[in-house]
Amino acid sequence: MPRIVRRERLVPNIHLLEVEAPEIARKCRPGQFVIVMPDARGERIPLSIADWDRDRGTVVSVFQAVGTTTRKLALLGAGDALAIFAGPLGLPSEVGPFGTVLCAGGCYGIAAIHPLVRALREAGNRVLVLVDVKADYLLYWRDRLEPLADEFIVSSRDGLYGDTEFVGRRVRDILGREKIDRVAAAGCTYFMSSVAEATRPSGVKTVVSLNPVMVDGTGMCGACRVTVGGRTKFACVDGPDFDGHLVDWAELYARRRSYFDDEVRSLCAWEEERFP
Amino acid sequence: MSEQRKVPASLAEEVLAEFEKDWRRELRKAVPVKERMKIARRPMPQRAPEARNRDFDEVNQGLTAEEAVLEARRCLDCAKPGCVAGCPVGIDIPTFVKLVEVGDFAAAAAKIRQANSLPAVCGRVCPQETQCEETCLLKKASGVAVAIGNLERFVSDTELAGGGAVVPGTPPPTGRKVAVVGAGPAGLTVAGELARLGHRVTVFEALHDAGGVLVYGIPEFRLPKSILVAEVAYLVRLGVEFRMNFIVGKTATIEDLRADGYEAFFIGSGAGLPNFMKVPGENLVGVYSANEYLTRVNLMRAYDFPRYDTPVFPGRRAAVIGGGNVAMDSVRTAKRLGAEKALIVYRRSRMEMPARIEEVHHAEEEGIEFHFLTVPTRYIGDERGRVKAMECLRMELGEPDASGRRRPVPVPGSEFITEVDLVVVAIGQSPNPLIAQTTPGLAVGKWGTIDVDWATMATSIPGVYAGGDIVRGGATVILAMGDARTAAAAMDKRLRDGGAG
């Protein structure tokens, strides 16, 4: 079973998980994800790959502790085993000489966008990194992203970075200020749809890394279907990257919320069992 | 699905040699045909419908030893057994049945195992009525075939209860490494066959339990997981290695594995891409593919939520679209999860339903409603994006289509709306593209199925073989196993001949 090498809290509720997975480390590319299940009674969930070390054979994911699975993961530590850590899944992000690219990350997406930032930079692009946090103390990985970025911008709602607006306003400011050739966004559905709405009027190509509910992650079940440009796509095999201007966001919101009541029930049951 | 095949000469010879043995002659003489024909087919003991449609315990309870012997006595031991020709894996059926009749159940089990690595599975899920039992002489003579499937199940269950199959003495290891992609019926069969011949076999499986459709698709009430666990344990005893959570095409490609020293490959990755009808509202919350619905319940054990973490919508009024075995499994699952109404919505009539007759009967007994000649045209959602109703159209049967079945044609103006809060779309699957996408040079057909030479199951890449749903598009467990047997023989030959060709 895959062994955890490191699990640490980066900021409140956001954790880093580094797992021994030499095959995945050898193969993975920016934009791909793994399917993780913490224990035999667990649920399979997708986590974006945030980094890897091909020499040590390890893969890093960053997740927010919200539901039962992520709460379980947050209690594990170095040496613990996971029931499943499988991948790398999904199609890698498109990387090319685009010109100036704005990479926006929110929440776990700050880490998820990291491999793409690195690859775009290596491909010779001018890369602007925009990270969105609710407040100053939730900012992480500045030390990793800032050196990779031509410009590092923080949007935060506590005013500490000169603004109290959500990410959309920042995106519009940047688009008004200079020519952006491409935008990439990773984070919660609301974050990604906000970025896509902000860029829609200008028509700048905006790629979003969707994170719908998945079960197997290999195209077998269709839980992750999203409507893109009027056609049903499976995020696990056709994505997870899609054109943010073509995604049916309302449908995705509804499908993301499918199991809201069950998630609460599951969490309550687990808490009662785990912390009697 | 009926496929009358020519019995290979070697098998025909073997069957004849057994037929002519003294004990068989004596047994034929001991009980006259007339006496044999007087015995009625022994019924399969079943749990009462109103009890079983509330839980996931197995419906069929299996024959007792006495009943099995009596059932075996019905077999006329005919000189030209049609049953053998009807079996896709070529089991010497008369010999195993007669061994049951004389009470040597262990020998019967060993006989089946010569041709079938998963007898306890096949005894439960094979469509015998269109295979071995369809071509049974007794069926022609009296209308009611020998219950070959029930006997196969009895024999292998007896073997499992006694601690499982004895591992045969294997030949010295050949040192040749074989990679099997997918731990479904085809992959497990290839693994068993090649391990028995001394090759070093590793099975790579994308999911966390072995079995493929047998574990994620077929419910506990039809095929208990313990059966599969026992069959897999036997393969492990044979020396087969399992690498779970390993997605060939992603975690490593066929070429990567070749670089790791694997010399022969079998792709049995299945038909893992669910089809939808592409009607409006199909992405509403509460509309599932059968694959997702069954995977949540079977593999992830959502029936035991929240003890297990994976949820599933129970559904008060559940509609399952389709008429195959997967549709029957889905609708009976919905009933067990508490649906007040569980409906099958099928566009043709009862006559054309592809599901096994036994599954249809069981579903009817359990209170499933059948709506024939009906097709959904759109799903209607509530303000939260959840399905609350579906619009259907009535059909009538027109001229026969390519499949020989009468084509359903819409009745104009027959639209009606019915309330549903759970929909399961069980209209078939397409081959999973992951391996074809990542294996340059692998020839693929129009529908994404891998092209093979049917005599050997060899693909366009030397040393790479394929079988089951990934080449057939969507068939049965036993046909997949038949492909696997063919492939295993060709792979063994190739490995022994030194890897050329």
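Report those helices (runs of 4 or more DSSP H) wholly inside the stretch B:1-75 carrying at least 1 residues which are closer than 24 Å to B:P127 by Cα.
Here the list reads B:9-19, B:33-38, B:49-52, B:65-74.
Just a yes or no: is a residue in the stretch B:335-343 under 18 Å from A:P212 (Cα atoms) and either in the same structural domain as B:R378 (by TED's automatic domain parsing) or assigned to a helix (DSSP H, G or I) (or both)? Before the answer, list the steps.
First, the residues of the stretch B:335-343 that are under 18 Å from A:P212 (Cα atoms): none.
Scanning the stretch B:335-343 turns up no residue that is under 18 Å from A:P212 (Cα atoms) and either in the same structural domain as B:R378 (by TED's automatic domain parsing) or assigned to a helix (DSSP H, G or I) (or both).
Given the options B:V144, B:V167, name the one that is in the same structural domain as B:G82 (by TED's automatic domain parsing), over 30 Å from A:G217 (Cα atoms), surrounded by fewer than 24 Cβ atoms within 10 Å (Cβ to Cβ) and in contact with a Lys or Arg (Cβ under 9 Å, 6 or more places away or on another chain). Spell out the reasoning first.
Details: B:V167 fails: in the same structural domain as B:G82 (by TED's automatic domain parsing).
Going through B:V144, B:V167 in turn, the sole match is B:V144.
Quick one: in the stretch B:281-312, which of the residues that are polar (S, T, N, Q) and within 23 Å of B:E359 (Cβ to Cβ) is surrounded by the most Cβ atoms within 10 Å (Cβ to Cβ)?
B:N291
Keeping to the stretch A:50-70, report how many residues are within 12 Å of chain B (Cβ to nearest Cβ) and either surrounded by fewer than 17 Cβ atoms within 10 Å (Cβ to Cβ) or within 17 Å of the chain's Cα centre (by Cα) (or both).
Residues meeting the conditions: 4.
Out of B:R384, B:R348, B:R296, report the one residue that is more than 14 Å from chain A (Cβ to nearest Cβ) and not polar (S, T, N, Q).
The match here is B:R348.
Looking only at the stretch A:33-49, how many residues end up being surrounded by 24 or more Cβ atoms within 10 Å (Cβ to Cβ), over 10 Å from the mean Cα position of the chain (by Cα) and in a strand (DSSP E or B)?
Going through the stretch A:33-49 one residue at a time, the tally reaches 4.
Quick check on my filter: what residues within the stretch B:16-74 are in contact (Cβ under 8 Å) with a residue 24 or more places away in the chain, hydrophobic (A, V, I, L, M, F, W, C) and within 29 Å of B:G367 (Cβ to Cβ)?
Hits for the stretch B:16-74 are B:A40, B:M44, B:F56, B:V59, B:L63.
Please go through the stretch B:354-396 and pick out each residue that is assigned to a loop (DSSP other than H, G, I, E, B), surrounded by fewer than 19 Cβ atoms within 10 Å (Cβ to Cβ) and out of contact with any helix residue (DSSP H, G or I) (no Cβ under 8 Å at 6 or more places or on another chain).
B:D382, B:E383
Would you mind stating whether A:Y161 is over 24 Å from A:I49 (Cα atoms), outside any strand (DSSP E or B), among the aromatic types (F, W, Y) and touching a helix residue (DSSP H, G or I) at 6+ places or on another chain (Cβ under 8 Å)?
yes
Of all the residues that make up the stretch B:409-442, how many are among the small types (G, A, S) and either in a helix (DSSP H, G or I) or touching a helix residue (DSSP H, G or I) at 6+ places or on another chain (Cβ under 6 Å) (or both)?
So the count comes out to 2.
Can you name every residue in the stretch B:290-334 that is within 22 Å of the chain's Cα centre (by Cα) and not in a helix (DSSP H, G or I)?
Of everything in the stretch B:290-334, those that are within 22 Å of the chain's Cα centre (by Cα) and not in a helix (DSSP H, G or I) turn out to be B:N298, B:L299, B:M300, B:R301, B:V320, B:I321, B:G322, B:G323, B:G324.
Name, by its number, the condition in (1) in contact with a helix residue (DSSP H, G or I) (Cβ under 8 Å, 6 or more places away or on another chain); (2) facing another protein chain (nearest Cβ under 9 Å); (3) under 30 Å from B:V387 (Cβ atoms) that does not hold for B:F276.
(1)
Just the residues that are touching a residue at least 60 places away in the same chain (Cβ under 8 Å), over 14 Å from A:A185 (Cα atoms) and either assigned to a helix (DSSP H, G or I) or of a type in the set (V, I, T) (or both), please, taken from the stretch A:96-143.
Residues satisfying the conditions are A:T100, A:R118, A:A119, A:Y137, A:L138.
Are any residues in the stretch B:212-250 touching a residue at least 40 places away in the same chain (Cβ under 8 Å) and hydroxyl-bearing (S, T, Y), and if so, which ones?
Hits for the stretch B:212-250 are B:Y216, B:Y234.
What helices (runs of 4 or more DSSP H) lie completely within the stretch A:203-274 and have 3 or more residues being at the interface with chain B (Cβ under 7 Å from one of its Cβ atoms)? If you could, list the steps in order and put the result at the bottom.
Details: elements: A:235-238, A:249-256, A:260-274.
So the answer is A:249-256, A:260-274.
Looking only at the stretch B:313-337, how many residues end up being of a type in the set (G, A, S) and surrounded by fewer than 23 Cβ atoms within 10 Å (Cβ to Cβ)?
Summing the residues that are of a type in the set (G, A, S) and surrounded by fewer than 23 Cβ atoms within 10 Å (Cβ to Cβ) in the stretch B:313-337 gives 1.
Within the stretch B:247-280, can you find the residues that are crowded, with 20+ Cβ neighbours inside 10 Å and under 30 Å from A:Y259 (Cα atoms)?
Listed by number, the residues that qualify are B:I247, B:K250, B:T251, B:S269, B:G270, B:A271, B:G272, B:L273, B:P274.
Restricting the search to the stretch A:1-32, which residues are among the acidic types (D, E), in a strand (DSSP E or B) and over 12 Å from A:I49 (Cβ atoms)?
Answer for the stretch A:1-32, where residues must be among the acidic types (D, E), in a strand (DSSP E or B) and over 12 Å from A:I49 (Cβ atoms): A:E8, A:E20.
Which of (1) farther than 20 Å from B:E14 by Cβ; (2) touching a residue at least 40 places away in the same chain (Cβ under 8 Å); (3) buried (at least 21 other Cβ atoms within 10 Å of the Cβ) does B:E129 not meet, given it meets every other one?
Status for B:E129: all satisfied but (3).
Tell me, yes or no, whether the stretch A:90-97 has at least one residue that is in contact with a Leu (Cβ under 8 Å, 6 or more places away or on another chain) and crowded, with 24+ Cβ neighbours inside 10 Å.
Going residue by residue through the stretch A:90-97, those that are in contact with a Leu (Cβ under 8 Å, 6 or more places away or on another chain) are A:93, A:95.
Those still in the list that are crowded, with 24+ Cβ neighbours inside 10 Å too: none.
Within the stretch A:90-97, not a single residue is in contact with a Leu (Cβ under 8 Å, 6 or more places away or on another chain) and crowded, with 24+ Cβ neighbours inside 10 Å.
Name the one entry in B:I450, B:I461 that is more than 26 Å from the chain's Cα centre (by Cα), away from chain A (no Cβ under 14 Å) and within 30 Å of A:K27 (Cβ to Cβ). Break it down stepwise before answering.
Values: B:I450 fails: more than 26 Å from the chain's Cα centre (by Cα).
Answer to the selection: B:I461.
Of the conditions (1) part of a strand (DSSP E or B); (2) more than 30 Å from B:V166 (Cα to Cα); (3) of a type in the set (G, A, S), B:A264 satisfies every one except a single condition; which number is it?
Exception for B:A264: condition (2).
Can you give me the number of residues within the stretch B:246-259 that are facing another protein chain (nearest Cβ under 10 Å) and over 28 Å from the mean Cα position of the chain (by Cα)?
Result for the stretch B:246-259: 1.
Tell me, which residue of the stretch A:71-89 that is outside any strand (DSSP E or B), in contact with a strand residue (DSSP E or B) (Cβ under 7 Å, 6 or more places away or on another chain) and more than 9 Å from chain B (Cβ to nearest Cβ) is nearest to A:R9 (Cα to Cα)?
Ranking the candidates gives A:A74 first.
The values are calculated or read from the model by the stated rules, or taken from the named source; none is laboratory data. Please read these numbers as outputs of a predicted model, since none were measured by experiment. All Cβ positions, glycine included, derive from the backbone under ideal geometry; neighbour counts span all protein chains shown.
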